[in-house]
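Asker: If you scroll down you'll find the structure; I have some questions about it.
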Amino acid sequence: MIEPPTERTAGRTNHPPATADIAALTARAKRMRHHMLVMARGPGQGYIGQGLGIADVLAALYFHELRWSPERLDDPERDRFLLSTGHYSIALWAVLAEAGVFPLGELVTYGADDSRLQMSTLDTTPGVEIIGGSLGHGLGQAVGMALGLRLRGSAARIFCELSDGELQEGATWEAAMSGGTFRLDNLVALIDCNGIQADGAIVVDIEPVADKWRAFGWSTQEIDGNDMAAVVDALAAARATEGRPHAIVLRTKPGRGVPTLEAREKAHFVRVEPGEWDALIEELEGQGR
Amino acid sequence: MSTARTYGKAMGVDEGGDVRPTIDAPFGTALVEAQRRRGDIVGLTADLGKYTDILPFRDAFPDRFFNVGMAEQNLVAVAAGLARTGTVPFATTYGVFATRRAYDFIAIALAHSRVNVKIIAGLPGLTTGYGGTHQAIEDTALMRMIPNLVVIDPCDATEIMQATHAIADHDGPVYMRLLRGKVRQVLDPDTYRFEIGRAAVLREGDDVGIVATGLMTEAALDAAAMLAAEGIATGVLHVPTLKPFDAGTLAAFSAGKAAIVTAENHVTRGGLATQVREALFEAGRVLPLAAVGIPDAFVELGAVPTLMARNGMTAEGIADAARSLG
């Protein structure tokens, strides 16, 4: 069943500013990376590689693209960001703290018993839209939310992060097929292709990723997900395209911004000796981004 | 053939006869009523709209109906997303596909956060002769293991219609088995009242108690009438809600009885029989119990009446089980 896009009673009025301050967004991403290293220093381990890799995209979303307010987390007209990969929580905590959803001082509780900021996401933490972590669950729920918003004529939009590893889950493609069928132009899939999964380098052939999304009826772009200007431009291009859902294939580097971590081969779940975290923070501070 | 019906008003039960009246597509009819009353329902299916009685809803509210194709994981995920934007999704497929294919989505995307989605599951137990691929023989056992989920196995058209309204008004995830097409009416709609979590005594009788759910409640009533004619006073407790389980009413029903027979359209391992044993044991009641239902085996292809008879899932089979405990 193909449905035409419905009229939006609220119109396309909830747009971000026409120009983005790339330097400011880059600075935000660097601060988020700093937060993540501080978080991981507590338990001495975590999904820091993925977090550092996705930092630029989350900064562009939360500080430019999303129509969203930390004071109104339950606003029915908010744009929604869904983190399908629950283990990227370290990046979500960093951006939500940076946005003021919870105090920066709380970040050191990452992974501790009774903390709200765990190594995966539950929707009981403020700012979290779905339970992530059972991989392949995000995009279908994003499709449902986009349908629900369209049904009531809302101008709010849905942004769903998912990973290259999740492209191996059949449910991802069930959702991709329905997003194309329903022509959900209020839906943006952000596919983080960092080249790693639990068992190491991507274990099955998933390329060419962008061609697959095009074949499923999505307007598709492929960019360097660590190039802030490219991320901002891709989000703007997605916003400008009507009649189809949008896929942005993000090529990102695990550990981005911290050369020692960028060079790590075992990047899926990183353990670092207790004394070394401060050295990694110094590395980050010495980098341009 | 049409027969004038006499209902037992006290119990809310059709007092019998060979032919009970039927209602066409009671689920779809009630869903349309519920949407007219509430205004927030959406309908979904995974390419089984025609076979799950949801087409009346599609025809009445085409903007609010979504067919996701043969993709049961996505059916549940999309329903979860729709619920999170304030609608009340009813998602239909067959029980085998909902539970076996989409289990993780029901557990995590729905139940974990009590997301307000209703899964409507066709072809429960032996309501199809299509064999193990389509007979949901273990679905309610799987579903009742999931925290926060309400699990319902209605017995007739009256109950499906009432339960459809009740689960629409219940804020939380529900798994409900569906009886589709021309569904027999066993319960009197004027006097019976379905309530989530409540078991109902449909017939009093002090010697033996039959505890039944779903399709088998009708056979249980007929079995009780047979046994009564033989001088065995037989009570019938109907348990439409398998979770939360009404252990209190069961304990009261069992008091003074010499034996219990359970009857379910489901495997007896993990289903109603197991729940009754658990609840009676926890209540300190130990008494002879016979379980009527599907054995611990897949069932072959064949005509439904044949399959039911071979597994003793008939009024006569229930009566035999009661006599065996005598």
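Readers should treat all values here as calculations from the given coordinates under stated rules, not as data from a laboratory. Note that the structure is a prediction, hence the values are computed from the model and not measured. All Cβ positions, glycine included, derive from the backbone under ideal geometry; neighbour counts span all protein chains shown.
Asker: Tell me the Kirkwood hydrodynamic radius of region A:175-240 in angstroms, computed as one over the mean inverse distance between distinct C-alpha pairs.
Answerer: Hydrodynamic radius (Kirkwood, Cα pairs) of region A:175-240 is 13.3 Å.
Asker: Please arrange A:68, A:93, A:218 by how many other C-beta atoms lie within 10 Å of their C-beta, fewest to most.
Answerer: Ascending number of Cβ neighbours within 10 Å: A:68, A:218, A:93.
Asker: Counting only residues 5 or more places away or on other chains, whose amide H sits under 5 Å from the amide H of residue B:205 once H atoms are built in the peptide plane?
Answerer: Result for residue B:205 returns B:235.
Asker: Separate question: Against the longest alpha carbon principal axis of chain B, how many degrees, from 0 to 90 and to the nearest 10, is the axis of helix B:216-229 turned?
Answerer: For helix B:216-229, the angle is close to 20 degrees.
Asker: Tell me, what is the percent relative contact order of region B:23-184, built from C-alpha pairs under 8 Å that lie six or more residues apart?
Answerer: With pairs under 8 Å counted, the relative contact order is 28 percent.
Asker: May I pose another question? With charges set only on the Cβ (+1 for Lys and Arg, -1 for Asp and Glu), what does the dipole of region A:108-214 come to about its Cα centre, in debye to the nearest 20?
Answerer: Dipole size: approximately 660 debye.
Asker: How big is the dipole moment of region A:22-285 about its Cα centre under a simple scheme where the beta carbon of each Lys and Arg is +1, that of each Asp and Glu is -1, and everything else is neutral? Debye, nearest 20, please.
Answerer: Here the size comes out at about 620 debye.
Asker: Using only the alpha-carbon atoms, how far is helix A:48-60 inclined from the longest principal axis of chain A? Give it as 0 to 90 degrees, nearest 10.
Answerer: That helix lies at roughly 50 degrees to the long axis.
Asker: Further, regarding this structure: Using only Cα atoms, tell me the angle between helix A:228-240 and the longest principal axis of chain A; keep it within 0 to 90° and round to the nearest 10.
Answerer: 20 degrees
Asker: Hey, another quick one. Let's test the formula: R0 of 35 Å, r as the Cβ-Cβ distance of residue B:201 and residue B:281. What FRET efficiency results, to the nearest 0.05?
Answerer: So, using R0 = 35 Å, E works out to roughly 0.95.
Asker: In debye to the nearest 20, how big a dipole does region B:143-202 give about its Cα centre with +1 on each Lys and Arg Cβ and -1 on each Asp and Glu Cβ?
Answerer: So the magnitude is around 280 debye.
Asker: Within the set of other residues whose C-beta is less than 14 Å from the C-beta of residue B:261, count the net charge using Lys and Arg as +1 and Asp and Glu as -1.
Answerer: Every neighbour counted, the sum reads -1.
Asker: Given a Förster distance of 56 Å, report the FRET efficiency between residue B:310 and residue B:63 from their Cβ-Cβ distance, rounded to the nearest 0.05. List each step's numbers first, then the result.
Answerer: On the way: r = 46 Å, r/R0 = 0.83.
The calculated FRET efficiency here is 0.75.
Asker: Students often forget the sequence filter, so: which aspartates and glutamates lie under 13 Å Cα-Cα from residue B:257 once same-chain residues fewer than 8 apart are removed?
Answerer: List returned: B:204, B:206, B:207.
Asker: Gain in length, residue A:23 to residue A:123, computed as 0.36 nm per residue apart minus the alpha-carbon separation, to one decimal in nm?
Answerer: 32.8 nm
Asker: Can I ask one more? List the equivalent ellipsoid semi-axes of chain B in whole Å, largest first, each obtained as the square root of 5λ for an eigenvalue λ of the Cα gyration tensor.
Answerer: They are 32, 21, 19 Å, listed largest first.
Asker: Report the net charge of residues surrounding residue A:110, where surrounding means a beta-carbon distance below 13 angstrom and charges are Lys +1, Arg +1, Asp -1, Glu -1.
Answerer: -1
Asker: Turning to a different aspect of this structure: Which of B:309, A:254, A:275 sits farthest toward the positive end of the charge dipole of the protein assembly as shown, with +1 on the Cβ of Lys and Arg and -1 on the Cβ of Asp and Glu?
Answerer: Positive-most Cα among the choices belongs to B:309.
Asker: Then there's this: Straight distance only, please: which lysines reach the Cα of residue B:50 with their own Cα at less than 20 Å, same-chain residues fewer than 8 apart left out?
Answerer: B:118, B:182
Asker: With the crude spin-label approximation of a point 7 Å out along Cα→Cβ, what separation in nm comes out for residue A:75 versus residue B:225?
Answerer: The answer from the label model is 6.4 nm.
Asker: Still on this structure: Given N residues in region B:183-241, what is Rg(Cα) / (2.2 N^0.38 Å)?
Answerer: Normalised Cα radius of gyration, region B:183-241: 1.11.
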